[in-house]
Structures are given as C-alpha cells and as structure tokens.
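Shown next, in structure tokens, is the structure this report addresses.
The values are calculated or read from the model by the stated rules, or taken from the named source; none is laboratory data. Computed from a predicted structure; not experimentally measured. When we count neighbours, we look across all protein chains shown, and the Cβ atoms used for this are built from the backbone with ideal geometry, even at glycine. Side chains are part of the model used for accessible areas, which takes the heavy atoms of the whole protein and leaves out ligands, DNA and RNA. Shrake-Rupley method; radii C 1.70, N 1.55, O 1.52, S 1.80 Å.
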Amino acid sequence: MRVLVADKFEKTGLEGLQDIGCDVIYNPDLKEDSLTAAVRESGADVLVVRSTKVTEPMLDAGHLSLVVRAGAGYDNIDMEAASQRGIYVANCPGKNSVAVAELAFGLILALDRRIPDNVADLRAGKWNKKEYSKSRGLHGRTLGVLGFGNIGQEMARRAQAFGMHLAIWSEMGVEVDRSGLPIDMPLLVRLRPSSGYPVEPFAEVCQTPQEVAERSDILSVHVGLNDRTRKLVNADVLNRLKPGSFFVNTARGEIVDYDALAAAVKERSLRVALDVYGKEPATAQGEFTDPIVQLPNVYGTHHIGASTDQAQDAIASETVRVVRAYQETGRVPNVVNLSRKTPATHVMVVRHRDQPGVLASIFDVLRDAAVNVQETENIVFSGAQAAVARINLDGEPPEPVLRRIAASNPHILDISVVPLGAPAASYQLAKSQSTW
C-alpha cells in the first residue's frame, strides 16, 4: 500500500507506516496544484494530511481510496467529493484532547491574570504591580463548555480541579443519570470538605448554547465544525454573557461570528482569547491581518491547540493503526463519511450454503427487478459450510421476486424479509410469512 503524507508528520508515524509494509512518500510542503500532481504521479492509495486542504481535483487525480486526517476535525477535506467517489475519510479523534484543553485553560488563566500584558510591560521596562494585582480568580466561577466530547470532558476535569462550576451543552445531547450528572463523568460532584461525601453536582446540563452563556462567567468553545455549528456562537449567544465575561475559542474560527464577537468586545467589555480565526494563512508562516487580534482585551495564539509532542505522537500512532487496519482487513477505523441513514427500507436475510455464486445469483435477480442494494454483509459460520447474508434494500421485493431468488441457486436454504427498524415480534412474523 502506497501512502502519501502531505503535511508535517512525526518520525515515529513515518517509521510505523514503513514497519507495516507501506511504501511511504513524505513531502510536507505539498499544497494545491503540487499536491494534485503528487497524487496523480505517486499512484498513492492513502493520503495523510493535517491542515492541508484536500479538494475535489486531488480526489480525482489518482486512485486514492482513503484519506486520513491526522487530527480530530476534518473540515479541510471535501467530504462530499470523497463520499461521491467512494473514498473513505478517517480521523484520529481524542488524541489531541488533553493538548487542546491545556491550551484553553492556559488562555483562561492568561485572561484572568493578564499574563501577556504583564510580560509585555516588564520587557518594556515598566513595573505596574498596582494595575496587575487586579484579578477575579477562577475558584467558584462558572465555566460554560459548548461541546462535551473528548475535549469538553477534559475541560470539565480541569475545571473541577480549579474548584469551578460547569454549565455544559452538546450538539449531540448529554446523557445524564438520575442526579443530573453526565454519565460519562460520574466524578463531577462537589464534596463537603468535612465529610468527603458528595453533596451536589457542580455540572449543569443546559438545553441551548444561549442557556450556557447566561450561566457562564467564562465561555469556552469545543464543538466540531459542520453545517449546524457554523456561526453557532453569534450575537444572540454572546449578548447573553455578563459584561466583562471571558470568551475562549480553541475549536474552529467558523463556529464564531467574529463580527458579533468584535462588537461584544467593544460594547460589553468581553475579554477574549483565540487560537483559531475566520481566515488563517495557508502556510506555517505568513502575514496575518485579522483585525480582531488588534482589539484591547483580546489575546491570540497561532492555532497551536493540538501542537504538543505528546499529542502528535498519539496522532501518529493512531494514523498508523487506521492504515494498518485498512491494509489488513479492508475496514477503516474512525471513518467519518459513511451514511448514517441510507434509503434502505427492508432487510432481506438469506441463509445459504457457503458456495461460489450464491450472492451473485441473488444480486442478478434484484438487478433485473430494479431493487437496489444499499448495504450487505455475509456472515460465515464455523466450518465454512453455511452463511447468512443480510442485504439492505431500498424497497420490499415482491413475492414473485422472492420466488425467483429462491429458485436462482440450489444452495439457498431460506429467505426472509423484514422492514428495517421493526421490533423483534414483527421480525418473527415477517419471517414466518416470507420464508421460501
């Protein structure tokens, strides 16, 4: 398997890909037309990128079958184009969660203690202890977390260590137990110092981003970028924050309406820390002119949230695991562009002897009947004498079609059809009525 790595990538990852037998081509400077040409000329099966954009011409240029995003977010990849061409897209979720949470909390502390301004004044030869002694402190404050995936949960752990309260919201919802605590994090409770017994949750699950903002002293963004979250943090959310609140974004620039954020900084005295922006340079070094970082009380870093040695080693290891699984099994871990819901309405279950041509005869009849196969799997029993095929269809095959399938191959033992999502009782009824 030939792997083209078109971004900066850890040496351990390159060596790991070579150790599993891959032919590795490493050129971290490839971008745009040069990357399109490299895909075409290399004949790569797999493309590995970090922040490099993967466009439709690149996906058309060669015969890629897998694109691996060496990181969590994958908005730099043309997902629609990849899906239309049957090219898997996989990511490495959770491997940089600690790194991003560490930076986010560093930015929160920087806002509270005005650390960059302290440093700048000292370097300029100014001593101003009176001014910089003013700080609110984090203990007892409420941290609002938008997005409660891997990074959001790492934020929660650190908030607990700082003695903070939490208000959380997740695009996918947050499942809670009877006490109202997120079931993924049962330790989110406050303890009575004298007894050590849990008293009450210090985390509140909110129903909307606006509700989180209303309860927060600090609002931190940790959702992924998609059509639903683009400009999720808009004027309606920002104006729910109390004047003087802190706002931190280490997720994606497009999630925030930066015009509304600039207005909130000016009109509501928000203090802001950003690691991501609406428009960022395409290269590691370049000119940067986003006016929001020129505003008072706005601190910025250079989209470095995932950039720790620990995180990059973990991401490299996960990339190798994804490629290895694909190479050895044909299955892709962490694939992100498979359809969650297909047009399939019925599943046909065919029990058959494990002999050549059985599935081909079934598919021939379905093709002639204009019934489309959406998904299929064939499970072989111990001894490789018999198997069961589960075939998802975009409609219910008429009785004559089922009869033709049953007669199409002598190794077919029986056939049953059931609507997808039907309860077990309905399945048994359908099976008894439709078995041939």
Test of understanding: in a Gaussian network model of the chain with alpha carbons linked when under 10 Å, which of I87, I255, I379 would top the mean-square fluctuation ranking? I379
Note on the chain, DSSP bridge orientation, antiparallel percent to nearest 5 equals 40
Given charges at beta-carbon only (K, R positive; D, E negative), |dipole| of the stretch 46-150 in Debye: 800
Write out the trypsin sites (Lys or Arg not before Pro) in the stretch 261-354 meeting two conditions: DSSP loop, and at most 10 other Cβ atoms within 10 Å of their Cβ. R331, R340, K341
Reciprocal mean inverse distance between Cα atoms of the stretch 58-157 - Kirkwood radius, Å: 17.4
Where the centre of each part is set by its Cα atoms, how far does the stretch 243-308 sit from the stretch 81-120, in angstrom? 13
With every protein chain in place, what's the accessible area of E396 (1.4 Å probe, Å², nearest 10)? 120
Placed amide H near D394: partners under 5 Å, 5+ positions off or other chain: T345, N372, Q374
By how many nm would the segment from F381 to S339 grow when fully extended, if each residue of separation counts as 0.36 nm and the alpha-carbon distance is taken off? 12.3 nm
Give a residue-ordered list of calculated ³J(HN,Hα) values for the stretch 213-220 (Karplus: 6.51 cos²θ - 1.76 cosθ + 1.60, θ = phi - 60°; whole Hz; x for Gly, Pro). 4, 4, 9, 9, 8, 9, 10, 10
Over all distinct alpha-carbon pairs, what is the Kirkwood Rh of the stretch 229-270 in angstrom? 10.2
Rounded to whole Hz and in sequence order, give me ³J(HN,Hα) for the stretch 44-56 from the Karplus expression 6.51 cos²θ - 1.76 cosθ + 1.60, θ = phi - 60°, writing x for Gly and Pro. 5, 8, 10, 10, 10, 9, 10, 9, 4, 6, 10, 10, 4
Calculate one ³J(HN,Hα) per residue across the stretch 223-232 by plugging θ = phi - 60° into the Karplus curve 6.51 cos²θ - 1.76 cosθ + 1.60, and present them in order as whole Hz with x for glycine and proline. 9, x, 8, 8, 5, 7, 9, 4, 6, 4
Max mean-square fluctuation residue, GNM over the chain, Cα-Cα springs under 10 Å, options L17, L225, L359: L359
Scan the chain and note any complete DSSP helix (H) whose C-alpha atoms cover at least 18 Å along its axis and whose Kyte-Doolittle average is -1.0 or more. 97-113, 309-329
Report, by chain and number, residues whose modeled amide H sits under 5 Å from the one on A386, excluding near sequence neighbours (fewer than 5 apart, same chain). D354, F381
Within straight-line cross-link reach of K130, lysines at Cα separation under 25 Å, skipping those fewer than 8 residues along the same chain: K266
Got a sec? What order do T55, T319 fall in by accessible area at 1.4 Å, biggest, i.e. largest, first? T55, T319
At a temperature of 10 °C and a viscosity of 1.306 mPa s, determine how fast the stretch 1-75 diffuses translationally according to Stokes-Einstein, using the Kirkwood radius over alpha-carbon pairs as Rh; express D in µm²/s, rounded to the nearest whole number. 130
GluC sites (Glu not before Pro) lying in DSSP loop within the stretch 216-314, provided at most 16 other Cβ fall within 10 Å: E287
How many times 2.2 N^0.38 Å is the alpha carbon radius of gyration of the chain? 1.22
Check the straight Cα-Cα distances from K11 and name the lysines below 23 Å, setting aside those fewer than 8 residues away within the same chain. K31, K53, K95
I want to verify a result. In a Gaussian network model of the chain, Cα cutoff 10 Å, which of these has the top mean-square fluctuation: M79, M172, M164? M172
Please state the relative contact order of the stretch 217-280 as a whole percent: Cα pairs under 8 Å, 6+ residues apart? 39
